[in-house]
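FYI, it's all coordinate maths here, none of it is from the lab. Remember, it's a predicted structure, so these values are computed and weren't measured experimentally. FYI the Cβ positions are ideal-geometry reconstructions off the backbone, even for glycines, and counts take in every protein chain you see.
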Amino acid sequence: MSELYRARNLVQVYGAVTALSLASFAVNRGEVVALTGPNGSGKSTLLRLLAFLEKPHAGELIFHGNGGDPRREVTLLLQEPYLLKENVFRNVTLGLVLRGKTKGLSSAFEAAMHAVGFEDVETMSRRSFHALSGGEKQRVALASRLIIHPTVLLLDEPTSSVDARSARAIESAVRGCISCGTTVIYATHDMALLKALGGREQRLGEVSA
Amino acid sequence: MEYFSQGFAKAWALLWCMDSATISAVKVTLSSTFISLCIALLLGLPLGFLLGYCHFPGRRFLRLISDTLLAFPTVLIGLIVYAFITRRGPLGEFGLLFTVPGMVIGQAMLALPIITSWVAQSVENLDKRCRETLLTLGATNGQLVLMTIRELRYDVAMVCVTAFGRVVTEVGIATMLGGNIRYATRTMTTAIALETSQGEFGQGIALGFILLLIAFFINILLVGIRRRGRV
């Protein structure tokens, strides 16, 4: 397996607080990595760095992608996802629209929604973002990531604030993604998710301020 | 109290027979307000986005100026624009004084800080996860700006309606820069002021009634936008 990410002496600082200090970290293409550790150990910070949302304060992070814009190969599902003030269809297909795709949106939408466990896709497509429950929002947000077929799927505690049914649907969708060869890196405290998704466990220690 | 009832009766008569002076004042008011709002929106939207979204030296100072201009007295705006467009002023050669375009300049100056400050505030208040979500879905920098503006569309609509309400009811700028010329630059507010001062309550009430109707529709629009924004 070829190397996808390599990080050395990665440090991230917010003001006077050191949020992450990681000597070395590497992920291979198609690998599944579970980031574990206590609150404040830098799991979310590491995911944000891997998603190129932030630049590290110190150290280096190398991404060996497919040669295009790395931001279009990597996607991150936030712990509390944000949905745009649109209906479910527009939210889920947004990634494709941003890539200039206008054809086949309906079939891609249907496939992504089925993957996250929605059955009545037609009704769901018209629903407004505000009418969704927490679990539905998380699944819709995951569908919006799955539809773009990312090289890397980053998940920040995807089941921490959803009911058991939604958690199982999310697990199943991510397992499907893993079986397709997508690199998945997820942060979690949920032992059930760890058991369901498996992968190499990377434990992050507490970071001193 | 008789003049009240007489005023109302005359107001109805004027509205019923579509009095040309009344209709002209309504037309001038609405057209100058609409054009000035378009100009202010064209300048204020990118400016507000820049002030709310980008971090650069002097941003806070510019925000402070923009916020201060919200309380700018309309007569002072009228005075400044007057100084520029009067025959002896730097823009005097264009003959803008006592014309609708001259009024439009002043009204646009009135609406500009309202739009700039409110858009900047809306951008600042926008959930930071919106930007992160767009980035993680692969938005380019240009798409990020466009999608953020789209996400703020209800806020922008609210700002427009508020600015419209402020400009349409304004009297100082319209008087100083328009000159209150009948069938040319007379607006509803300047007409009300003039007719009332001349004891012509009928036309004043008729125009006041239309102004009230406009305010009513603006409020209905605001309620609708607020409701949609929550959806």
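Annotations for the structure displayed:
- Top positive-direction residue, dipole computed over chain B with Cβ charges, set B:Ala11, B:Val119, B:Phe209: B:Val119
- For chain A, the dipole from Cβ point charges (+1 on Lys and Arg, -1 on Asp and Glu) about the Cα centre works out to 380 debye, to the nearest 20.
- Taking Cβ atoms as reference points and 14 Å as the exclusive limit, the residues near A:Arg99 contribute a net charge of +3, counting Lys and Arg as +1 and Asp and Glu as -1.
- Backbone geometry of the stretch A:11-18 corresponds, through the Karplus equation with coefficients 6.51, -1.76 and 1.60 at θ = phi - 60°, to 3J(HN,Hα) couplings of 10, 10, 10, 10, x, 9, 9, 8 Hz, x marking Gly and Pro.
- Pairwise centroid distance, computed over Cα atoms, of the stretch A:131-173 with the stretch B:46-114, Å: 49
- The chymotrypsin sites (Phe, Trp or Tyr not before Pro) of the stretch B:113-208 meeting both criteria, a DSSP state outside H, G, I, E and B (loop) and at most 13 other C-beta atoms within 10 angstrom of the site's C-beta, are B:Tyr183.
- Computed over chain A with a Gaussian network model linking Cα atoms closer than 10 Å, the most mobile of A:Pro38, A:Pro56, A:Pro81 is A:Pro38.
- Local electrostatic count at A:Leu47 - Lys and Arg +1, Asp and Glu -1, tallied over other residues with Cβ under 12 Å: -2
- Helical segments meeting 18 Å axial Cα length and Kyte-Doolittle -1.0 threshold in chain B (DSSP H): B:2-16, B:20-53, B:100-125, B:153-168, B:201-230
- Environment charge of B:Leu45, counting only residues whose C-beta is closer than 13 Å and scoring Lys/Arg +1, Asp/Glu -1: +1
- Its Cα centre serving as origin, the stretch B:88-231 has a Cβ charge dipole (Lys and Arg +1, Asp and Glu -1) of approximately 420 debye.
- Of A:Lys43/A:Lys101; A:Lys43/A:Lys103; A:Lys103/A:Lys195; A:Lys85/B:Lys27; A:Lys43/B:Lys128, pairs whose Cα-Cα distance is over 27 Å: A:Lys43/A:Lys101; A:Lys43/A:Lys103; A:Lys103/A:Lys195; A:Lys85/B:Lys27
- Taking B:Cys130, B:Cys17, B:Cys38 in turn, the Gaussian network model of chain B (Cα-Cα springs below 10 Å) assigns the largest fluctuation to B:Cys17.
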